[in-house]
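Below is one structure, written out as structure tokens, with a few remarks after it.
The values are calculated or read from the model by the stated rules, or taken from the named source; none is laboratory data. For clarity, every value in this text was computed on a predicted model and none was experimentally measured. For neighbour counting, all protein chains shown are included, and Cβ atoms are generated from backbone atoms with ideal geometry for every residue, glycine included. The accessibility values were calculated without ligands, DNA or RNA, using every heavy atom of the protein model including side chains. Shrake-Rupley method; radii C 1.70, N 1.55, O 1.52, S 1.80 Å.
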Amino acid sequence: MFIAYSDASVRDEETSLGFFIVFEDKSEIRRRIVVHERDNNVAEAMALSELLAFLKYYNLKKGTILLDSNGVKAQLKKEWKNNNKVKKRRRNKKRRYLSKGVYKVLEKLQVRTQLITRTRNVAHKVCYGEEFILSTPISKVNRKYYQALETYKDYFMQQSVLDEYRKVHNTPSATFHEAQINLNNTISLADIIEIESDFRTYQLKEKKIRVYKDTIVKISEELNVQKRDGN
């Protein structure tokens, strides 16, 4: 799956929308768009809309979008409930940031959204970036990079796992997508040591990775130092 970040930055007289996409072959695409919107929540919604328009135009399916806007995420959740008719709701009198039908687009593209903290949102750097960084041409992106590996499942990752990953791998600056890609690679080579209902535990050397259904929920390291007899 691809991993995308979406963000907006309102500062001084300029508002920037940004998104950053990493694909299976580690190809990267960055986009920065300057707009006149001064409302931060609206700008965050616009950034997500621009990202979805890009994905829809190029028919880029199966992925996850990471964003740090609680307001946008809350409206996505409400639209999901209304779309699935969980319960009837009165019309929200608060200002609507997202256009109707956004959830249907996400569903059609098979894309999941996930809330992360701002410090982990790579798209934030795209918004503020002043230097030009060349993106990978769409025609060069290899979406079938892992197709030959039958054991590669491509799991999502819970945000709390990033802290564990940084500690276990001693990489305090590791990004969300770096951790998710690396852990999926590890799982493809690891052995299943435990199956319990919807949980599975994989192990490769001293690394243990816990998976719940389609999501990585924990990573740990076991250093078993056992002394031999006579030592």
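A few comments on the model shown:
- Members of the range 157-169 that are crowded, with 19+ Cβ neighbours inside 10 Å and within 14 Å of Ile116 (Cα to Cα): Met157, Val161, Leu162
- Each residue in the range 11-36 was checked for being open to solvent by 50 Å² or more (accessible area, probe 1.4 Å) and farther than 30 Å from Asn184 by Cα, and 7 pass.
- Of all the residues in the range 182-218, those that are of a type outside the set (S, T, N, Q), crowded, with 18+ Cβ neighbours inside 10 Å and not in a strand (DSSP E or B) number 3.
- Positions within the range 170-181 being assigned to a helix (DSSP H, G or I) and open to solvent by 10 Å² or more (accessible area, probe 1.4 Å), in sequence order: His177, Glu178, Ile181
- Members of the range 174-224 found to be basic (Lys, Arg) and in contact with a helix residue (DSSP H, G or I) (Cβ under 8 Å, 6 or more places away or on another chain), listed by number: Lys207, Lys218
- Residue count for the range 165-219 satisfying the condition of being touching a residue at least 12 places away in the same chain (Cβ under 8 Å), over 17 Å from Asp154 (Cβ atoms) and among the basic types (Lys, Arg): 4.
- Residues located in the range 144-169, provided they are assigned to a loop (DSSP other than H, G, I, E, B) and over 15 Å from Thr215 (Cα atoms): Lys144, Tyr145, Tyr146, Gln147, Ala148, Leu149, Glu150, Thr151, His169
- Restricting Phe19, Phe54 to residues that are touching a residue at least 40 places away in the same chain (Cβ under 8 Å) and not β-branched (Val, Ile, Thr) narrows the list to Phe19.
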